[in-house]
1. When a footprinting reagent is the concern and you count Cβ atoms within 10 Å, what order do E111, E190, E103 take, fewest first?
2. For segment 280-386, rounded, prolate or oblate, judged on the Cα gyration tensor with a ≥ b ≥ c (square roots of eigenvalues), a/c < 1.5 rounded, else prolate if a/b > b/c?
3. How do H165, H108 line up, fewest other C-beta atoms within 10 Å first?
4. Extending each Cα 7 Å along its Cβ direction at K319 and Q141, get the distance between those two points in nm, one decimal.
5. Report the FRET efficiency, 1/(1 + (r/R0)^6), for K217 and H131, where r is their Cβ-Cβ distance and R0 is 30 Å, rounded to 0.05.
6. Under 19 Å Cα-Cα from K374, which aspartates and glutamates qualify once same-chain neighbours fewer than 8 residues away are excluded?
7. Order of D272, D362 from fewest to most other C-beta atoms within 10 Å?
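Read-outs throughout are calculated quantities, based only on the coordinates presented, and are distinct from any laboratory measurement. Because the structure is a prediction, the values reported are computed rather than measured. In this analysis, Cβ positions are derived from the backbone assuming ideal geometry, glycine residues included, and neighbour counts consider all displayed protein chains.
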Amino acid sequence: MENYTALILWKRVTSNRYLAVVANPHKKSLFLYKTKTAYHCFQHQQKTIKSICYKKPRKEISIEPQPRERRKRKMEKSKVLIIGGTGYLGKRLVKASLAEGHETYILHRAEIGVDIEKVQMLLSFKEQGAHLVSGSFTDHQSLVKAIKLVDVVICAISGVHIRSHQILLQLKLIDAIKDAGNVKRFLPSEFGTDPARMEDALEPGRVTFDDKMIVRKAIEDAQIPFTYISANCFAGYFLGGLCQPGKILPSRDSVVLLGDGNKKAIYVEEDDIALYTIKTIDDPRALNKTVYLRPPKNVLSQREVVEIWEKLIGKELQKSSIPKEEFLASLKGQEYAHQVGLIHYYHVCYEGCLANFEIGNDAVEASELYPEIKYTTVEEYMKRYL
Ligand code: NDP
């Protein structure tokens, strides 16, 4: 061993670049004075020491990370596990996570069996660089194992009754996150109306909010770091049908206004929801917060949405209106799943539950956090139906 200088070669985990780090005790750069100290130091920083050798270095460099290096380290991206990755929102989360440069893992549930569409989708994600991890909600250890591979877990499990509603299954996921003990951030399947504001929601629609609140309580009781995404209205569901329940394509002839059609709601394109969501995962400003997605140009009433459509098709629609009482009475006799959905429309379109409050200090707004994202406006979105 040279008397004065130790050269330590080590490798960053996330890239293949080797860095040579030098300590010279005579210059009182004491950081690497003892190999052991350096070893623990780097272990602490989650670096892997490739090899250690002692010889005079060709060139002395500072042990302290240079500003550029420091900045790069700061920008290191979390590894992400997406659960429900083949779903309506989940597939967009996978795409956004890959596009944003995150090492992306997708839970591949044994239960999907021979669902060829899902398997093909998973394989195409794999081709794009995602890792598929086998696991099941019925196999706790498989969830723990999958979670241990990553820093962040995003769950996009189903929560729309007309499709499937599995929100409470997330309690199993929370148990696994607790056992794994490594998760820096968990984003549960929310992506809609903020359930914390829906204490007075009507039956049976309130089940969605109640279940999401049960999940929140379990997360917070377990002290798991979280971000809740309140995504407001998915554009496909609401804009496609000109805010009319049961419709997802806009008519060129007529529209039924819910009440006076003047209550403001908020519409967000699904790929934008996914992108905003991914942006939050390494953002300390979103830690243990609700992030509301409120693109300013997309806070519009049903009438305003209809006007945009009318302008695009160059034609005025025939309008009728359904009063609140009639709307609520129409629920009777309908299937449970439809009743749940209709109650959601009731709170959004008759009560204006999405836009009738200011965002408090305990929450943040996505378009303010990420002004660089050019979100899709309602007008741009509606053009796809022309
Ligand atoms: P989907 O109905 O598309 O389902 C998502 C995934 O859930 C599926 O792909 C599947 O994942 C997983 N899943 C379904 N059933 C089970 C099960 N029994 N066990 C385990 N996993 C299961 O979900 P959405 O994308 O429609 O909903 C995601 C979230 O978005 C929900 O919280 C929902 O409430 C919210 N939402 C909000 C809307 C709004 O307008 N704000 C509109 C629609 C949804 P895989 O097979 O890939 O493992």
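1. With the fewest neighbours first, E111, E190, E103 line up as E111, E103, E190.
2. Oblate.
3. Working: H165 17, H108 22.
With the fewest neighbours first, H165, H108 line up as H165, H108.
4. With each label placed 7 Å out from Cα toward Cβ, I get 6.3 nm.
5. With a Förster radius of 30 Å, E is 0.45.
6. Cross-link targets: E100, E269, E270, D271, D272, D283, E365.
7. Neighbour counts put them in this order, fewest first: D362, D272.
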